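The next block holds one structure in the form of structure tokens; read it before the comments.
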Amino acid sequence: MNTGVLSTSTLAQKTAAAPADPGVYVMKASDGRVLYVGKGRNLRKRLAAYFRTPSHADSKIEALVSRIADFEVILTRTEKEALILESNLIKRYRPRFNVVLRDDKRYPSLRLDMKEDYPRFQVVRKIGEDAALYFGPFASAQAVRATLKVLNRTFKLRQCKASEFRTRSRPCLHCQMNGCLAPCCRDVPQEVYREQVQEAILFLKGRTQDLMRKISATMTAAAEAQEYETAARLRDKLFALQRTTEKQVAVTTDFMDRDIFAAAAADGTAVVTHLEVRGGFLTASRHYDFPETMSAEDEILEAFIHQFYEARPFFPTEIFVSHLLEHTEWIEEELALQRGQRVRIHRPERGEKARLLDMALHNARAELEALLTRRSTGAEILPRLHRLLDLSRTPQRIECVDNSTLMGSNPVASLVVFVDGRPEPSSYRRYRITGVTVADDYASMSEILRRRLGKGQASEPFPDLLMVDGGKGQLTAALTVLRDLQIEGRMDVIGIAKKDPARGELQDKIFIPGRSNPISFGRDRDLLLFLQRVRDEAHRHAVGFHRRRRRAATLASALDVIPGIGKTRKALLIERFGSFENIRAATLDQLCELPGIHRKLAEAILKKL
């Protein structure tokens, strides 16, 4: 990969020599990193917009263009081939300034394996390449838990794992509370259970109105046949679904399924809002933010939709967009192949459909305004931090690593992320330190940084500023890792050390490479307070993880001395209860629900603990 830096005039000359044919251009930084991938039906004209214009209306785009050291072009036979190649290159390089939909592995989904005799819903973080059905991803763990609660309460499918299902000898507490059909212990015909599964699938697909009509008809037929117990069960299910739909908002009168997408962009920042309409009801809404982009709103939408449906097994045949897309027909063709029937993408201009699109656009603009407001605090602090610490770039993304251990036991580490001056909890990471057998803070720090910054971490962008909790020793260890990984210069690194009152130190110390004394903040003490806040968040995250690990280890040690508790039963108890307090608070029946734990053993556990 060419890493030579070309001047602006040389880039303009190279642009003039570019072919006037369709293709893809790849913009690179001085270190060879891919900054941006774009396409055009006329590459020469497309590139001229970047390098022949002395200044850009958007200052952020001008700043991004200033980072471009070189570019390459790849010619294609048609504009459609350019669209496909652009998508593949974005997946491969995940450029910082493209619209790159975050990997949904961090968002929970529901998995249903229809190959099982009695399928159950599982919460998963990754959509596997198997024959199972996946629903989601959901916006948060809270959202998926709420959905799973409705499913369990309404359709009464089994909740126990396969190992528990095979070994259970009597109904569990869920069954006793009328929350499970208990196929593990009772004679539940597979066709009856499968009917419940199909109803749950209809519910997750947003076909609640169709499902309610079906249940109502079956209930009426059961009542006419004087099957009153069956009719009563169906009535309860119908009421539960009605309570769920009462919380949803009817937005169209034709009861159609639709996805609505609206994009809003300003100052190099963009937000895409997705409204999910199923059966005429608004069932979900979600915002996707892109803090750095060089694309216009129509290009943002096109790139977003192209990625959004790649791994989704279910989606509607009608999609509304706030901006007309340049390659609508090609995207429709691709989605139709995936969906198995025609998919239409358009922008309605009148009636309730236009009002629905206006709602999405209003939400996108409001979210963008809120995002820019939240970033304004960081926009003021981060450039000052850039100047005071003499950093190579403005630290838009800051990562801080902290270790936690007690007398060398259960060593762990945490990594927290701040973007534009604000924490981004979805990007936090926890690590178990496995390669260090003694209490060695430097070695532990090195292990975590190698795991975070080494090969295979391309899905996460590198930080602009890496902060390690510690003084010059930890800072040296971090710099050694960057040198070994051959990524020196890809980020700035600082160390933050706690004050030592015994030495008369009045504040924490910030160390930077090449300087023996800590930085003096003077009147800029608010910058030091900001860095302390980042460090304290990393410390809180690490200590919390270490406490959970220590509690689990302590509980495991206590369980080891109980006769009859082996490796399997101990793992079950830790997984189900997690602490002394939870086991002490458990009843005998709750302990007996676990496979292999009979009443006498449950009594021994409670007596011992």
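Taking label points 7 Å from Cα along the Cα-to-Cβ direction, D500 and E116 give a separation of 5.7 nm. When peptides 521-529, 286-294 are ranked by their average number of other Cβ atoms within 10 Å per residue, the highest-first order is 286-294, 521-529.
Given R0 = 56 Å, the distance between the Cβ atoms of R44 and A162 translates into a calculated FRET efficiency of 0.40.
Only protein heavy atoms count here; under a 1.4 Å probe, V493 has an accessible surface of about 10 Å².
A simple spin-label model places the labels of Q242 and A366 3.1 nm from each other, with each point 7 Å out along Cα-to-Cβ.
In the context of the full set of protein chains, residues of the range 120-241 present 57 Å² of accessible surface per residue (probe radius 1.4 Å, heavy atoms only).
The values are calculated or read from the model by the stated rules, or taken from the named source; none is laboratory data. Keep in mind the model is a prediction, meaning the values are calculated, not measured. Cβ atoms come from the backbone with ideal geometry, glycine included; neighbour counts cover every protein chain shown. The protein model used for the area step is the full one, side chains on, heavy atoms only, and it has no ligands, DNA or RNA in it. Shrake-Rupley method; radii C 1.70, N 1.55, O 1.52, S 1.80 Å.
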